[in-house]
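Shown next, in structure tokens, is the structure this report addresses.
The values are calculated or read from the model by the stated rules, or taken from the named source; none is laboratory data. Not measured: the values here are computed from a predicted model. Neighbour counts are summed over all protein chains in view; Cβ atoms, including those assigned to glycine, are modelled from backbone coordinates with ideal geometry.
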């Protein structure tokens, strides 16, 4: 696979392009992203699905600009897919041939089932693991549904439910009852048991999640893997349906979505009515990420290897030079956790976050050594994007921020109170990572000490002096209950 790959997703409402760069076999990051709301399907549904000249010209102009961007990044491979608008259009070949002949760009029109599957690949690989989940990808012309259970993808189905389609067929005529009836009839094709979680893909779900996130002053500005409260989300959908444009703006709906947010809200409300589900999660990824992953993972059954995280690997590839030290720090932190977590009252599940924080701790030094902790914090908070919950991300970032320093500040804890573990566990985890950093102050080629813990004494035995370690440990802020007494023994 080429190191740089461009993906173009031509939808009914928007055309999007992403340029990805691989940092190693399965790790990648985004170099550039562009989007244009060309509304390719505008007035098509009122004309038997025939694409109109003005929207087609807009789409062509955007693709011409995208081709220029792709060339500037020297992407060797371009994957261009089109979904509902072209899929439904009797005159799609006219547009496809024009683009091919003028721009040397090959558009692949994918069917609805494939579209659903590509969105599901993205969610299964790039969201935290979910059991019995239903992805709902609301587009301009269609809505795709997929069942995902422990990264296994089951049902994939596409229904003719889209925001632009419903707008032109029903909302423009103020026929809300007709829209409800049409949606419910389409949903009868979904013959499945109630899922535990609904995964929201597509612009409507993201726009609503983003508005709620901002209105609630949510402390982490990250939409992917955001889990809105079901009752609050449902009430927000109902507000949208009875609001005029000015009221929608006050709710936080952006201008480019004002005319299609109501159809999207109605589709979601009817889906919620059909399925008795209380858990929601927002996906920042969809078809275009699925297209990329289907190419990247084509030899591994469209999934990453077990226990592999692409975001973590990208940070290690790009920002951690001393991988030996990172691995040693991770090993020491896990050993300290195993020895002391019961005494310190730390939940076993937090061993996972502690290990990752240890491995990524020095990543910030790639930006500026003297602000290592601060840069590691922001790097982890922003770049540890895929496969983690928000609680995991902010805990990992917090541990990296306060490693080798004082315990987390009250201001920081207050800001992220709803996402962090209770203060006793947080401080204990922070102390263990700082202690691990201190023990490796001399950065040995191989770990040159052993650890044991009994009756509150942490015994550190080594043939070497560990002078820097002793000096660093003396500077650490101790835990309030002073549950660990540290002793050094020369052997």
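Determine whether residue 232 is loosely packed, with under 14 Cβ neighbours inside 10 Å and either touching a helix residue (DSSP H, G or I) at 6+ places or on another chain (Cβ under 6 Å) or on the phi < 0 side of the Ramachandran plot (or both).
yes
Can residue 132 be described as at pLDDT 95 or above, surrounded by fewer than 24 Cβ atoms within 10 Å (Cβ to Cβ) and closer than 24 Å to residue 296 by Cβ? Steps first, answer last, please.
Values: at pLDDT 95 or above: yes; surrounded by fewer than 24 Cβ atoms within 10 Å (Cβ to Cβ): yes; closer than 24 Å to residue 296 by Cβ: no.
No.
Every residue, every condition in (1) crowded, with 17+ Cβ neighbours inside 10 Å; (2) within 23 Å of the chain's Cα centre (by Cα), yes or no:
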position	(1), (2)
300	no, yes
304	yes, yes
311	yes, yes
314	yes, yes
327	no, no
333	yes, no
346	yes, no
349	no, yes
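Restricting to region 274-301, what's the tally of residues that are within 22 Å of residue 147 (Cα to Cα), out of contact with any strand residue (DSSP E or B) (no Cβ under 8 Å at 6 or more places or on another chain) and part of a loop (DSSP other than H, G, I, E, B)?
Number of matching residues: 7.
Could you list all residues from region 92-108 that are buried (at least 17 other Cβ atoms within 10 Å of the Cβ) and not in a helix (DSSP H, G or I)?
Listed by number, the residues that qualify are 105, 107.
With (1) without any contact (Cβ under 8 Å) to a residue 40 or more places away in the chain; (2) in a loop (DSSP other than H, G, I, E, B); (3) closer than 26 Å to residue 319 by Cα as the list, and residue 438 as the residue in question, which single condition is left unmet?
(2)
This table checks each residue for (1) over 20 Å from residue 35 (Cα atoms); (2) in a strand (DSSP E or B); (3) in contact (Cβ under 8 Å) with a residue 24 or more places away in the chain; (4) in contact with a strand residue (DSSP E or B) (Cβ under 9 Å, 6 or more places away or on another chain).
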| residue | (1), (2), (3), (4) |
| --- | --- |
| 192 | yes, no, yes, yes |
| 198 | yes, yes, yes, yes |
| 209 | no, no, yes, yes |
| 225 | yes, no, yes, yes |
| 235 | yes, no, no, no |
| 238 | yes, no, yes, no |
| 256 | no, no, yes, no |
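Checking the structure you have, find out if any residue of region 150-157 is surrounded by 24 or more Cβ atoms within 10 Å (Cβ to Cβ), at pLDDT 95 or above and under 30 Å from residue 309 (Cα atoms). Spell out the reasoning first.
At the first step, the residues of region 150-157 found to be surrounded by 24 or more Cβ atoms within 10 Å (Cβ to Cβ) are none.
So far as region 150-157 goes, no, none of its residues is surrounded by 24 or more Cβ atoms within 10 Å (Cβ to Cβ), at pLDDT 95 or above and under 30 Å from residue 309 (Cα atoms).
Find the residue count for region 448-477, including only residues that are loosely packed, with under 15 Cβ neighbours inside 10 Å, in a loop (DSSP other than H, G, I, E, B) and touching a residue at least 40 places away in the same chain (Cβ under 8 Å).
2
Go over the candidates 348, 250, 334 one by one and state the one that is without any contact (Cβ under 8 Å) to a residue 60 or more places away in the chain, at negative phi and out of contact with any helix residue (DSSP H, G or I) (no Cβ under 9 Å at 6 or more places or on another chain). Give the derivation first.
Details: 348 fails: out of contact with any helix residue (DSSP H, G or I) (no Cβ under 9 Å at 6 or more places or on another chain); 334 fails: out of contact with any helix residue (DSSP H, G or I) (no Cβ under 9 Å at 6 or more places or on another chain).
Sole residue among the options that is without any contact (Cβ under 8 Å) to a residue 60 or more places away in the chain, at negative phi and out of contact with any helix residue (DSSP H, G or I) (no Cβ under 9 Å at 6 or more places or on another chain): 250.
Taking only region 2-60 into account, find how many residues are within 27 Å of the chain's Cα centre (by Cα), exposed (fewer than 15 other Cβ atoms within 10 Å of the Cβ) and outside any strand (DSSP E or B).
4
Restricting to region 123-146, what's the tally of residues that are under 15 Å from residue 287 (Cα atoms) and in contact with a strand residue (DSSP E or B) (Cβ under 8 Å, 6 or more places away or on another chain)?
In the first step, residues of region 123-146 are kept if they are under 15 Å from residue 287 (Cα atoms); the result is 123-127, 135-146.
Still in the list and also in contact with a strand residue (DSSP E or B) (Cβ under 8 Å, 6 or more places away or on another chain): 123-124, 127, 135-138, 142-146.
Final tally of qualifying residues: 12.
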